[in-house]
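Asker: What follows is a single structure, and I will ask about it in a moment.
No value in this document is a laboratory result; all are computed from the given coordinates. Bear in mind that the values here come from a model prediction, so they are computed numbers and not experimental data. Neighbour counts are summed over all protein chains in view; Cβ atoms, including those assigned to glycine, are modelled from backbone coordinates with ideal geometry.
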Amino acid sequence: MILIDYSFLLIRGLGITLWISWVALLLAALIGALIGLGRTSKRWSIRFLTGVYAEFFRSIPVLVTLFFVYYGLTLLTGINLSTFVAATIALALEGSAMMSEVVRGGLQSIAKGQREAALSTGMKAWQVELFIVWPQAIRVMIPPAVGVYVSTLKASSLASVIGYVELTKTGLLIRESVRGHSGSLLILVVIATIYVIINFAISRLGAMLEERNNFVN
Amino acid sequence: MSTEPGLSVIQTDPILRVDSVTKSFGKKIIFNNISFNVQAGQVVVIVGPSGTGKSTFLRCVNGLEDIQSGRIVFEGDIVNAHSKNIVSLRKRIGMIFQNFNLYPHLTALENVTLAPMKVLGESRKLADERAMDMFRKVRLEHRASAYPSQLSGGEQQRVAIARALAMNPSLMMFDEPTSALDPETVGDVLAIMEELARDGRTMLVVTHEMGFADHVGDRMIFMDGGTIIEDGPPSELLKNPKEKRTQQFVNSVLRPN
């Protein structure tokens, strides 16, 4: 069967998809944590600015962000971004907006009394955050963060539009070259199946992580 | 409010001095012109109807809330919720909350050792040893490795007392420590508080437990409508209240219906 000949390419495409979505997720987590922190700030101005950031990038389709980064930034700055860099930035922008929501929700889920009890023992504000708030908040953040990863991984398929050869683009290229053969529709089924398996695995992994971190019995 | 660093008070003074303190949230006045002193070793019980600012007052003493006017002086240091030195002040004031506020992600032992290690810089070994002393004190040495969710309310509150004790504070504040407990565990917590009082701990207790107030308190302060109505020996306030409002309150709690 013709697909066997292309299996190496599919595995490589899957690897690239996992890689770009993983890099984008790490960036999204870092930026999202900062934005999320800002959204719980006491300062009105910081809450406003970070809120605008989050609403902005959550509202724009990733594809539009991607076009803006890939073509727009090049026009504005003259810097030629590679398709990988452009796609990573676009995914990270959208991901960080979603992550900021996750972080904000996690931090706000911690009862006020926790901070007060810790402050009352003489801990400094940063110690309270480090030892009391974040260890509890992260447990709350894990399930929705897994959701963000899954949607980032799916959104990474849009990078195919600007010619970045990840899993979807690999599939489309294979389909092109086998046109007329029986494999041309089958290849899409195979690609879809790979996405399902990978995302299911990620969800299971996330559930295990959640289970392991559960301190309520 | 004056916050000059030179403005401190001589140590022989009361451990806690409260001078004409007023607290408001926006336009809403919580309490107004509160003044009293607490001497070292005293057990002062604050009673009164709900919503008269008793809990908020405790929170002002350790700077969880700021005050709008007046002055709170603890061991010669002015309490200012917005200053940096509030952190060092809180080390010397233990606080017990109505809802225990134990850290759910840490074991009972870790709840107790965290502040001694992070704030006082104790080694884990020393902190563990001292924590076990505290657990014996609250009679929970067999539950040290349990998580808060595995403990009953009474046990959780006793861990919270151990957590405060581990910092060896010179004042312990109790904010309705038994209000969230099942009736059958209230006694355990009160017994431990009574023991602390006998050890000579200085305590400021907001409670509705009149038996405890009468039996253990050196002084009782009756608050209503954001002011101190009466301040004196508990037996006096309970048996011969001078003010009409104290009378009404005492009647309503001692002889319900």
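Asker: Got a sec? Charge dipole of region A:2-216, +1 on Cβ for Lys and Arg, -1 for Asp and Glu; which of A:Thr65, A:Ala33, A:Val150 is way out at the positive end?
Answerer: It is A:Ala33.
Asker: Now, a different point. At a 10 Å Cβ-Cβ cut-off, how would you order B:Met95, A:Met208, B:Met132, fewest neighbours first?
Answerer: A:Met208, B:Met132, B:Met95
Asker: Here is a follow-up. Whose amide H sits under 5 Å from the amide H of B:Ile30, counting only residues 5 or more places off or on another chain, with H placed in the peptide plane?
Answerer: Amide H to amide H, under 5 Å and 5 or more residues apart or across chains, B:Ile30 pairs with B:Lys23, B:Ser24, B:Phe25.
Asker: I would also like to ask the following. Let me check I've understood the local charge: for A:Glu101, count other residues with C-beta under 11 angstrom from its C-beta, Lys and Arg +1, Asp and Glu -1. What total comes out?
Answerer: Residues near A:Glu101 contribute +2 overall.
Asker: Using the crude model of +1 on Lys and Arg Cβ and -1 on Asp and Glu Cβ, and no other charge, please compute the dipole size for the protein assembly as shown relative to its Cα centre, in debye to 20.
Answerer: Dipole size: approximately 940 debye.
Asker: Another one. Compute, for chain B, the length of the dipole vector about the Cα centre, with Cβ point charges of +1 (Lys, Arg) and -1 (Asp, Glu) only. Units Debye, rounded to 20.
Answerer: So the dipole magnitude of chain B works out to roughly 420 debye.
Asker: Beyond 13 Å, what percent of the Cα pairs of region A:66-119 remain?
Answerer: Of the Cα pairs, 68 percent sit more than 13 Å apart.
Asker: Taking a cut-off of 30 Å between Cα atoms, list the lysines near A:Lys169, but don't count ones fewer than 8 places away on the same chain.
Answerer: A:Lys154
Asker: Please go through region A:1-89 and write out the trypsin sites (Lys or Arg not before Pro) that DSSP classes as loop and that have at most 16 other C-beta atoms within 10 Å.
Answerer: Hits after loop and neighbour filter: A:Lys42, A:Arg43.
Asker: Which listed residue (A:Trp126, A:Ala54, A:Gln114) has the Cα farthest towards the positive end of the charge dipole for the protein assembly as shown, taking +1 on Lys and Arg C-beta and -1 on Asp and Glu C-beta about the Cα centre?
Answerer: Of the options given, the answer is A:Ala54.
Asker: Go through B:Lys27/B:Lys244; A:Lys42/B:Lys23; A:Lys42/B:Lys54; A:Lys112/B:Lys137 and tell me which ones have a Cα-Cα distance over 24 Å in this structure.
Answerer: Pairs exceeding the cut-off: B:Lys27/B:Lys244; A:Lys42/B:Lys54; A:Lys112/B:Lys137.
Asker: Rounding to the nearest 20 debye, state how big the charge dipole of region A:2-216 is about its Cα centre with +1 on each Lys and Arg Cβ and -1 on each Asp and Glu Cβ.
Answerer: 460 debye
Asker: Using each residue's phi in region B:194-200, evaluate 6.51 cos²θ - 1.76 cosθ + 1.60 at θ = phi - 60° and report the 3J(HN,Hα) Karplus result to the nearest Hz, with x for Gly and Pro.
Answerer: 5, 4, 4, 4, 5, 5, x
Asker: State, to one decimal in nm², a quarter of the convex hull surface area for the C-alpha atoms of region A:2-216, i.e. the direction-averaged projected area.
Answerer: Dividing the Cα hull surface by four gives the mean projection, 14.7 nm².
Asker: Among the aspartates and glutamates, select those whose C-alpha is under 13 Å from the C-alpha of B:Lys125, and discard any that sit fewer than 8 residues away in the same chain.
Answerer: Cross-link targets: B:Glu110, B:Asp133.
Asker: Let me ask something else. Only loop residues by DSSP count here, and only those with at most 13 other Cβ atoms within 10 Å; note down the trypsin sites (Lys or Arg not before Pro) in region B:23-60 that meet that.
Answerer: B:Lys27
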